[in-house]
Structures are given as C-alpha cells and as structure tokens.
1. What number, in percent, do you get for the relative contact order of segment 3-128 if the mean sequence gap of Cα pairs under 8 Å and at least 6 apart is divided by its residue count?
2. In nanometres, what is the gap between the two model label sites at Gln135 and Glu46, each 7 Å from Cα along Cα-to-Cβ?
3. Using the crude model of +1 on Lys and Arg Cβ and -1 on Asp and Glu Cβ, and no other charge, please compute the dipole size for the chain relative to its Cα centre, in debye to 20.
4. Using +1 at the C-beta of Lys and Arg and -1 at the C-beta of Asp and Glu, which of Val5, Asn36, Ile53 has the Cα lying farthest in the positive direction of the dipole of segment 1-84?
5. If the label point is 7 Å along Cα→Cβ of Ala38, which residues in segment 90-115 have backbone nitrogen under 17 Å from it?
6. Taking only pairs that are 8 or more places apart or on different chains, how many Lys pairs in segment 3-128 have Cα atoms under 21 angstrom apart?
7. With viscosity set to 1.567 mPa s and temperature to 4 °C, compute the Stokes-Einstein D of segment 12-52, Rh being the Kirkwood radius across alpha carbon pairs; µm²/s, no decimals.
8. Would you mind finding the longest exposed-site-free stretch of the chain, with exposed GluC sites (Glu not before Pro) meaning DSSP loop and at most 10 other Cβ atoms within 10 Å?
Amino acid sequence: MSKPVKNMIASEYRSRFGDLTEALLVDVRGIDANENNALRQSLHAEGVRITVIRNTLARSAFADTALAALEPALEGPSALCWGGDSVVDVARMMVDWAKKIDELEVKAAVLDGEYFEGADGVKRLSTFPTKEEAQAKVVQLVLAPAGNVVGGAMGPGGKLMGIVKELQERLEKGETIEKIA
C-alpha cells in the first residue's frame, strides 16, 4: 500500500474515531458469513457500529486520543466497536455474542481512559451499570431519606386521624367520650 493511501486511511481514522472516548476491540476472523451478518445486523439495530481496522494505521491515528489506551491490543486482525448508549452496552452485547459464536474473540475495551484487557476485562466492564442505571441508583439514594421522613410523618398522622374518626363516630351516635385507647 502506498504512503499516500496509508495517510488517507489514517486521516479517515482520525476524523471518524478522534472524538471517541470509549470503544471495544474484537477479532472477527473465522466467523462464517451468516453469523457475521447476524452479528452486524443486531449491533446496527442497537446503534452500535463495527469497523475492521488496520493496526499500524490505527496506532498512529489513535495517538493522543482516548483510544490510545487500546494500543496493547492492536495485534492481529482487529475490528473496532463503538456507539450505542455506552461501551458498557456494547460490552454486554459482545459478551453475549461471544457465547454464541466461538470464533469471536473479545480483545479489549476502553472507557474514559481506563483499559480493560482481554475477555475477562471486557466481561468485568459488562457488569458495570450503564449511565441510566447509575442515574437511577443515585436518584433512589437521594429519595430514600425523604421517603423515610414522609413515612415517619404519616405514621403518627394516620394514628391521629384514626382517633379523630373514632371521636366523630362516637359523638354522632350520641355516646359519651371517656377514654379512647
């Protein structure tokens, strides 16, 4: 491949992947065409993109970007997966697909500069909460004390309302009120 063509490809990598802060590397070598199409279609339906990359050109294009952390995994055939809501979702999908397709090798991932090496690292990443799950947890933690306060206030208030209602019923019946237990 000529030097100008390599420069064009590296430039394309920089423009396409330069803003990414999270991605996943896989090896799709050896997957038959039907499985490959099924994999790509399911990923596309979830907004995830997958592109086969040239390692040496990717190394130079990823330098000084968040994807530079993937450099140790850029050996052998590589495909870059990115998109979806977060790389955690991509990792979950790829871990599931790796169970279905023996030839699919999950190589590495990067999330906000943190490198996750090999299948074990990506599997660990797939257990992280997604952005929405983390936000829901925070909201739940923030609202829990308020719920306890409301519950505590409603408890005695409910008892007081029961006493008032009992008084009202006895007075309506014409009974005298001595003591309500």
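FYI, it's all coordinate maths here, none of it is from the lab. Note that the structure is a prediction, hence the values are computed from the model and not measured. All Cβ positions, even for glycine, are placed from backbone atoms using ideal geometry, and neighbour counts span all protein chains on display.
1. Working: 208 pairs, mean separation 42.9, N = 126.
This gives 34 percent for segment 3-128.
2. Output for this residue pair reads 1.9 nm.
3. Values: 22 positive and 27 negative charges, 46 e Å.
Charge dipole of the chain: 220 debye, to the nearest 20.
4. Val5
5. 93-105
6. Value for segment 3-128: 4.
7. Numbers: Rh = 11.7 Å.
Calculated translational D: 110 µm²/s.
8. On the way: sites that count: Glu175, Glu178.
It works out to 1-174.
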